[in-house]
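S.K.: Before I ask anything, let me first share the structure, which is written out below as structure tokens.
What follows draws every value from the coordinates through simple rules; no lab data is involved. If you're wondering where the values come from, they're calculated on a predicted model, not measured in any experiment. Cβ placement follows ideal geometry from the backbone for every residue including glycine, while neighbour counts extend to all protein chains displayed.
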Amino acid sequence: MRLLSLLAICLLFTSCTKPEPIHNTQSYVFGTLVDITIYGEPEAEAQELAAEIIRDFQELHNRLHAWRASEIKSLNYAFKRGNLPVTIEPDVAAMISDATALSIQSKGAFNPAIGQLIHYWGFQNDEFKPIKIDDLSIKKLLSNNPQMVDIVIQNGKASSRNRHVQLDLGGYAKGYALDNALQTLRKHGVRNALINIGGNIIALGKHGENPWRVGIQHPRKPSAIATIELDSGWAIGTSGDYQRYFMLKGKRYCHIINPATGYPTSGIQAVTVLIPPQTNAGTLSDVASKPIFIAKPNQRAKVAQEMGVENFIVIEADDKIFISAEMTKRIKWTDGATAKYVTQIQP
């Protein structure tokens with residue numbers, strides 16, 4: 001009956017409005033699933049543009065790889081040897097400078113200079129397996145205190161005042177890639193798109209007449225715990241303990257390491273942040289969730305404020321949920337019962 005009704009409506013008017021085309025491309029880059037959706041553009045053009053963005057992502061991933069041959073690995077080798085300054089590409093210099101500024105802003109909670117520590121914990125691998133924890137090596141590295149401010153960039157060259165600095169931009173690259181992709185889309189005149197790099201998402205325009213709607217992953221279930229509408233230019237990102245981790249003697253060790261202790265953060269499952277439109281919204285969606293994840297429970301609101309984040313959700317290990325006042329205005333719980341166990345964080 002419904003089909004007949006629609007047909008009758010079509011006959012009533014001279015023509016029916018054709019649905020806007022929608023193109024979707026998926027790939028695997030940065031060690032995670034990448035999903036690009038372009039709405040309202042001719043299929044051939046959308047397909048070509050999505051392929052260009054994927055190529056850009058893969059090139060960036062290859063250049064910044066921490067444990068395979070790359071510009072970053074070569075730079076780390078020079079830092080370790082204490083050699084003379086090494087010439088680096090302008091965009092890499094800009095990334096290092098930006099990551100340093102964000103590290104200072106986070107008071108060291110976001111610290112890409114601890115690549116050696118990430119290596120000790122076995123997270124510079126394609127697969128994560130239980131390891132023998134080397135407490136002495138961790139303690140020694142902490143005593144040498146590698147920091148982003150140890151890196152000196154002058155005249156297109158980089159050096160480090162601390163031989164223990166080893167860059168790992170894994171907590172920065174996906175967000176940076178989102179910002180670049182958004183610029184590419186706009187440059188080509190695309191008005192509506194959604195880019196998802198493993199849960200770090202940025203929106204452009206709308207999905208037809210409605211904003212883009214995305215789900216927030218439940219840390220322990222293959223479903224969304226909530227949904228949220230993303231207006232144009234907004235980005236969302238999650239740091240969680242449920243994708244990159246290993247189990248050892250019944251304890252979960254995740255890849256988010258506290259630079260102050262040298263050990264993976266525990267007692268928390270996920271932090272999701274929502275970032276308003278700005279030139280580095282994608283980057284902040286990747287970076288800003290980590291200092292909140294690492295912070296002590298009574299410091300999370302303060303840390304979020306220091307990172308410029310008003311909208312965030314925290315899911316603790318016991319499934320308790322804490323949410324900022326601003327985020328409560330934007331979120332829609334998928335399970336009505338979930339909202340009963342939510343506590344609003346006071347600013």
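S.K.: From the cross-link list Lys80/Lys157; Lys129/Lys174; Lys251/Lys302; Lys302/Lys329; Lys221/Lys320; Lys132/Lys251, which pairs have alpha carbons spaced over 18 Å apart? Write down the numbers at each step before the final one.
M.R.: Working: Lys80/Lys157 16 Å; Lys129/Lys174 23 Å; Lys251/Lys302 29 Å; Lys302/Lys329 20 Å; Lys221/Lys320 15 Å; Lys132/Lys251 13 Å.
Too far apart for the 18 Å limit: Lys129/Lys174; Lys251/Lys302; Lys302/Lys329.
S.K.: Here's something else I'd like to know. At a 10 angstrom cut-off on C-beta neighbours, averaged per residue, how do the peptides 291-298, 215-222 rank from highest to lowest? The partial results should precede the final answer.
M.R.: Details: 291-298: 19.4, 215-222: 15.5.
Order by mean packing, descending: 291-298, 215-222.
S.K.: List every DSSP H helix in the chain whose Cα atoms extend 27 Å or more along the helix's own long axis and whose mean Kyte-Doolittle hydropathy is at least -1.0. Intermediate results must be reported in sequence, preceding the final value.
M.R.: Working: long enough: 43-64 (31 Å, -0.60).
The answer, listed by residue number, is 43-64.
S.K.: Same structure again: If amide hydrogens are placed 1.01 Å from N in the peptide plane, which non-local residues have theirs closer than 5 Å to the one on Leu33?
M.R.: When sequence neighbours closer than 5 places are left aside, the close amide H contacts are Gly198.
S.K.: Taking θ as phi - 60°, what are the ³J(HN,Hα) couplings along region 291-301 by the Karplus curve (6.51, -1.76, 1.60), each to the nearest whole Hz, with x for Gly and Pro?
M.R.: x, 5, 4, 7, 4, 5, x, 7, 10, 5, 4
S.K.: While we're looking at this one, here's another question. Explain nothing, just compute: Karplus ³J(HN,Hα) = 6.51 cos²θ - 1.76 cosθ + 1.60, θ = phi - 60°, for every residue of region 150-161 in order, whole Hz, x for Gly and Pro.
M.R.: So the J values, rounded to whole Hz, are 6, 7, 10, 10, 9, 6, x, 10, 10, 8, 10, 7.
S.K.: Report, by chain and number, residues whose modeled amide H sits under 5 Å from the one on Ala226, excluding near sequence neighbours (fewer than 5 apart, same chain).
M.R.: Ile216, Thr334
S.K.: While we're here: Once the other residues with Cβ under 13 Å from the Cβ of Asn111 are scored (Lys, Arg +1; Asp, Glu -1), what is the net sum?
M.R.: Values: positive: Lys107, Lys290; negative: Asp150, Asp168.
That sum, taken over residues with Cβ under 13 Å, equals 0.
S.K.: If Lys and Arg each add +1 and Asp and Glu each add -1, what is the summed charge of the other residues whose beta carbon sits under 12 Å from the beta carbon of Gly262? Write down the numbers at each step before the final one.
M.R.: Details: positive: Lys139, Lys140; negative: Asp134, Asp135.
With Lys, Arg at +1 and Asp, Glu at -1, the neighbours total 0.
S.K.: I'd like the antiparallel share, as a percent to the nearest 5, of DSSP beta bridges with both residues in the chain. List each step's numbers first, then the result.
M.R.: Working: 56 of 61 bridges.
Counting only bridges with both partners in the chain, antiparallel ones make up about 90 percent.
S.K.: Helix-only mean residue ellipticity at 222 nm, the chain, DSSP H runs n ≥ 4 weighted -39,500 (n - 2.57), per residue, nearest 500. What is it? Show your work: numbers first, answer last.
M.R.: Working: 11 runs with 115 residues, N = 347.
Computed mean residue ellipticity for the chain: -10000 deg cm²/dmol.
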